[in-house]
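The values are calculated or read from the model by the stated rules, or taken from the named source; none is laboratory data. Because the structure is a prediction, the values reported are computed rather than measured. Note that we place each Cβ from the backbone using ideal geometry, even for glycine, and neighbour counts take in every protein chain shown. What goes into the accessible areas is simple: the full protein's heavy atoms, side chains included, and nothing from ligands, DNA or RNA. Shrake-Rupley method; radii C 1.70, N 1.55, O 1.52, S 1.80 Å.
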Amino acid sequence: MYRLPNLRICVQSCNVAETSSGESDDRRGNGDRRRSVAGRVVSDPRSVGTDPDYRFTLANERTFLAWIRTALALAAGGLGAINLIENFYGQEFLGMLLLGLSFITAATSYRRWAGNERSIRLGAPLPASRLPQFLTAGTALLGVVAAALFVIGEL
Amino acid sequence: MPRGGADPKILDAGLQHERTTLAWERTGISAIVVGVLLARSAVEASQQLIALTGLAAAVVGALMMLWSSLLYSNRMEPIESGFDVSHPGGTRAIGRFTVLLTAICFFFSVQNLSWW
């Protein structure tokens, strides 16, 4: 049965800096420094700062899950546009755009979660991102494109 | 231990824990929907391997829902005692699963475009 690791609050001195490697070995477990696809180091966010109020951690986790659901909904929309809708002018173009947006959203989700978690643990401002604006503008644009393609197909 | 303005006698007064578990369950349902859609599309295109991948994604979605109920009970103690409740391993696994699933959906659709 799955058990959460027994995590203790970090010592006061590690409030704004990463803990030393010896001190944090048992805290990191197998989630120590890992390399992302882009080659940048992605650390376990638990290796820095102090354990935050659980409400902040859970709010961050729900936000991550909302991003994942957004990616899955875009994927479902893309698959549906290509395979389920019949005789819709430009359906493949529309579907591929939705699937591309879905992949970008999924690919950035974990990094966003880890960055937010790290900031929460350090008591620092949350990292700014243009992805929500990009996603909103992209989805709105796709809606307009879909409507335009529908009208063009009916002419 | 509830902090901030919450009544210390009430555990998780804001129902954060329950809302998070429900968010996990909704995510599992979304994964099942995408998996079934992918499987159906792949069967129509006679691509059995992709269809199996879609079914596997649906199974992962169902497992995610079961796991969320385990997570719900296992997190009670850390919440009560004020320990960290984050779970980078689970978060990373779901992140990677979604990246893989959306990539498969993308490449499957590219492969079956009528443009070729």
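Below is a table of values for the structure above.
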read-out	value
Candidates A:Leu79, A:Leu72, A:Leu101 - the one that is in a helix (DSSP H, G or I) and over 20 Å from B:Val36 (Cβ atoms)	A:Leu101
Single residue of the stretch B:24-46 satisfying the filter (open to solvent by less than 40 Å² (accessible area, probe 1.4 Å) and polar (S, T, N, Q)) that is modelled with the lowest pLDDT	B:Ser41
Qualifying residue in the stretch A:122-141 (condition: within 14 Å of chain B (Cβ to nearest Cβ), more than 15 Å from the chain's Cα centre (by Cα), open to solvent by 40 Å² or more (accessible area, probe 1.4 Å) and modelled with pLDDT of 90 or more)	yes
Tally, over the stretch B:73-84, of residues that are at the interface with chain A (Cβ under 7 Å from one of its Cβ atoms) and touching a residue at least 60 places away in the same chain (Cβ under 8 Å)	1
Sole residue being more than 7 Å from every other protein chain (Cβ to nearest Cβ), touching a helix residue (DSSP H, G or I) at 6+ places or on another chain (Cβ under 9 Å) and open to solvent by 20 Å² or more (accessible area, probe 1.4 Å), chosen from A:Leu97, A:Leu101	A:Leu97
Where B:Thr98 falls short, out of the listed (1) under 26 Å from B:Asp12 (Cα atoms); (2) facing chain A (nearest Cβ under 7 Å); (3) not aliphatic (A, V, I, L, M)	(1)
Test: residue in the stretch A:79-86 that is over 19 Å from A:Ala66 (Cβ atoms) and charged (D, E, K, R)	yes
Conditions (1) open to solvent by less than 50 Å² (accessible area, probe 1.4 Å); (2) within 10 Å of another protein chain (Cβ to nearest Cβ); (3) in a helix (DSSP H, G or I); number of the one not met by B:Leu70	(1)
A:Arg34 modelled with pLDDT of 90 or more, open to solvent by 30 Å² or more (accessible area, probe 1.4 Å) and facing chain B (nearest Cβ under 9 Å)	no
Subset of the stretch A:69-92 that is more than 7 Å from chain B (Cβ to nearest Cβ) and modelled with pLDDT of 90 or more - its residue that is most open to solvent (accessible area, probe 1.4 Å)	A:Thr70
Odd one out for A:Arg112 among (1) without any contact (Cβ under 8 Å) to a residue 12 or more places away in the chain; (2) closer than 30 Å to B:Arg75 by Cα	(1)
